[in-house]
1. Hey, got the average number of other protein chain Cβ atoms within 10 angstrom for residues in A:18-31?
2. Between residue A:165 and residue A:139, with labels modelled 7 Å along Cα→Cβ, what's the label distance in nm to one decimal, could you check?
3. Note down the nm distance, to one decimal, between modelled labels 7 Å out along Cα→Cβ at residue A:34 and at residue B:105.
4. Quick one: if you stick a label point 7 Å off each Cα along the C-beta vector at residue A:83 and residue B:15, how many nm between them?
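FYI, it's all coordinate maths here, none of it is from the lab. From a predicted model like this one, the values you see are computed outputs, not experimental measurements. Cβ atoms come from the backbone with ideal geometry, glycine included; neighbour counts cover every protein chain shown.
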C-alpha cells in the first residue's frame, strides 16, 4: 500500500521503508533455513582448501553432465576428509557428518575419488578398508575391505554407497577409511591438504520424507 | 505478469534482492551471492480477476463486463505468484561438508490476480 495507507488485504499499516526491508530480510533468512531444515545458520569451522573444493565440484558437474548411472537427485553432498594417523604406507581418512544430515537424508549413491601419484609399472594393489568404532572399546573394527588394482597415476573411484548408508544408521556418523599402498609408493596422500588431488566423496541423496499416515 | 514501477498500484511483481554478504551469510553459502526474494503486491479489483490466465477473447470481454457491472457487490481477488523457479544453493554444513541442493518454488518470476 502507498505510504500512510493500510494494506488492503491484511489491514496492517504500511511499514517505513527501513522496517519493511528488515522484515523482508528476516523473512528471507527464516524461509531459507526452514527449507534447508536447519535450526540456524551453520558456523563453518574449517572450510576446505579451494583447490580441493574446485576439483570435487568439477567431478560433480561431470557426473551430472554425463548422467549415466548417477540417479538425478535434488541433493548432492561433497565430503572432504581430514587426514588422521598414518604410517609410511598407509593413512586414515576421517569423514564427518552432522546428525542433522544423517537423520534427514537418504543416500542413493556415493563414490570415493582417490588420486594416485605413484609411478606405476603395471597394475599395483591398493587396499581400502572401512573402519568403524568398536562399541566395546576404543579400538576400531574393519567393516569392509576392498583391494583395488591401480593401473597407474591418476584418479580411481570406488562405490561407497553401502558404507555411507550403514554409517548414517549409527549414532555417531563418523567414517574412517584406511588406504594401504605398496611399500615403495610413499604416502598415499598428497603432502599438502589443499592439494587439488585431495580425496573426496560425492554422494547423491534425497531428503528423507517423514513417515506419513494417509487417512482415506 | 507486470513488474512494479515507482507508482504501481495494481498487482505486480516487486523485485527484492537479498545480498548474502549484507546479512553475513557469505561465509557458509558458497553460491549464489544472493537470493531474489521477489514478491507480489498491489490491487486486484474485480475486473482484473483471472488476469493473466484468460486468453484475450470474446469470453474475456464478456466476463470483464459482468465483473465490472457487479463490482459494487464483489470482493477483490488476490495478487499471487503465477510463475516460480527453484533456488539452487551450494553451502557448507557445520561439518564443513558441501551440500548442493535445489529448493523448489523459491523465486517468483511473475504475478497475477486470482
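1. 3
2. About 2.9 nm separates the two model spin labels.
3. 1.2
4. It works out to 4.8 nm between the two label points.
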